[in-house]
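The values are calculated or read from the model by the stated rules, or taken from the named source; none is laboratory data. Owing to the predicted nature of the structure, the values given are computational and were not obtained by experimental measurement. So basically every Cβ, Gly included, is an ideal-geometry build from the backbone, and we count neighbours across all protein chains shown.
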Amino acid sequence: QKEVEQNSGPLSVPEGAIASLNCTYSDRVSQSFFWYRQYSGKSPELIMSIYSNGDKEDGRFTAQLNKASQYVSLLIRDSQPSDSATYLCAVSPSGGGADGLTFGKGTHLIIQP
Amino acid sequence: NAGVTQTPKFRILKIGQSMTLQCAQDMNHNYMYWYRQDPGMGLKLIYYSVGAGITDKGEVPNGYNVSRSTTEDFPLRLELAAPSQTSVYFCASTRDRGQLFFGSGTQLSVL
């Protein structure tokens with residue numbers, strides 16, 4: 001059973017601070033990794049994708065991947081109240097198959113003004 | 001550009017009733033998916049399709065059926081609705097198996 005694990009939170013971070021979200025996955029041969037943001041009552045939206053070890057930066061967001069440790073993280077710098085949402089980690093099954101993504105349960109992030 | 005369109009947005013069913021959740025995308029994506037999301041849980045894959053005429057089961061297919069007669073449409077059929085099927089259902093599509101584009105969701109209650 002392929003699994004994606006996240007701390008469900010809530011994770012409370014002061015406005016302007018760095019929010020750090022973590023995710024581990026069980027399928028060692030997973031190839032593609034994604035972070036989706038989901039506001040309450042809305043559908044998930046992709047905010048970051050990462051495919052190789054190291055860091056990938058996009059604006060205030062940085063995704064970090066360590067395949068040896070089967071660990072992927074998301075850093076949000078200068079956190080804003082609008083960043084308050086549930087963040088879903090998603091992993092593409094082994095071989096990058098067409099059978100969708102495996103999602104974690106999500107981390108509920110609260111940015112305190 | 002509508003993206004992925006799901007209907008209806010809300011529905012209440014009685015136990016044993018049947019219904020079809022509609023999903024259509026206008027991005028010419030080959031890959032389409034149906035997920036369900038229960039409160040506090042991640043998304044669970046119900047069925048998926050890699051192209052017209054091809055469908056396959058995901059993690060939680062029991063009680064559901066799908067068809068894919070065209071590239072654009074991927075309806076999800078619930079037969080004999082049960083309370084365990086109370087959930088939010090999301091349809092999604094992608095061109096490159098990674099960046100999923102989601103519909104706005106259908107909130108279904110079975111009472």
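The table for this structure:
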| read-out | value |
| --- | --- |
| Within the stretch A:18-105, strands (runs of 3 or more DSSP E) holding 1 or more residues that are within 14 Å of chain B (Cβ to nearest Cβ) and exposed (fewer than 13 other Cβ atoms within 10 Å of the Cβ) | A:54-58 |
| Any hit, the stretch A:72-84, residues being at positive phi and either touching a strand residue (DSSP E or B) at 6+ places or on another chain (Cβ under 9 Å) or not acidic (Asp, Glu) (or both) | no |
| Residue check, A:Asp27 closer than 25 Å to B:Gly40 by Cα and of a type in the set (D, E, K, R) | yes |
| From B:Thr94, B:Thr55, residue being closer than 13 Å to A:Gly100 by Cβ, of a type in the set (Val, Ile, Thr) and free of Cβ contacts under 8 Å to residues at least 24 places away in the same chain | B:Thr55 |
| Residue within the stretch B:95-106 that is on the phi < 0 side of the Ramachandran plot and touching an Asp or Glu at 6+ places or on another chain (Cβ under 8 Å) present | yes |
| Test result for A:Val29, at pLDDT below 95, touching a Cys at 6+ places or on another chain (Cβ under 6 Å) and within 29 Å of B:Val50 (Cα to Cα) | no |
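One line per residue, one yes/no per condition, for (1) within 12 Å of the chain's Cα centre (by Cα); (2) more than 10 Å from chain A (Cβ to nearest Cβ):
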| position | (1), (2) |
| --- | --- |
| B:Met32 | yes, no |
| B:Lys44 | yes, no |
| B:Tyr48 | yes, no |
| B:Asp56 | no, no |
| B:Glu59 | no, no |
| B:Ser67 | yes, yes |
| B:Phe74 | yes, yes |
| B:Pro83 | no, yes |
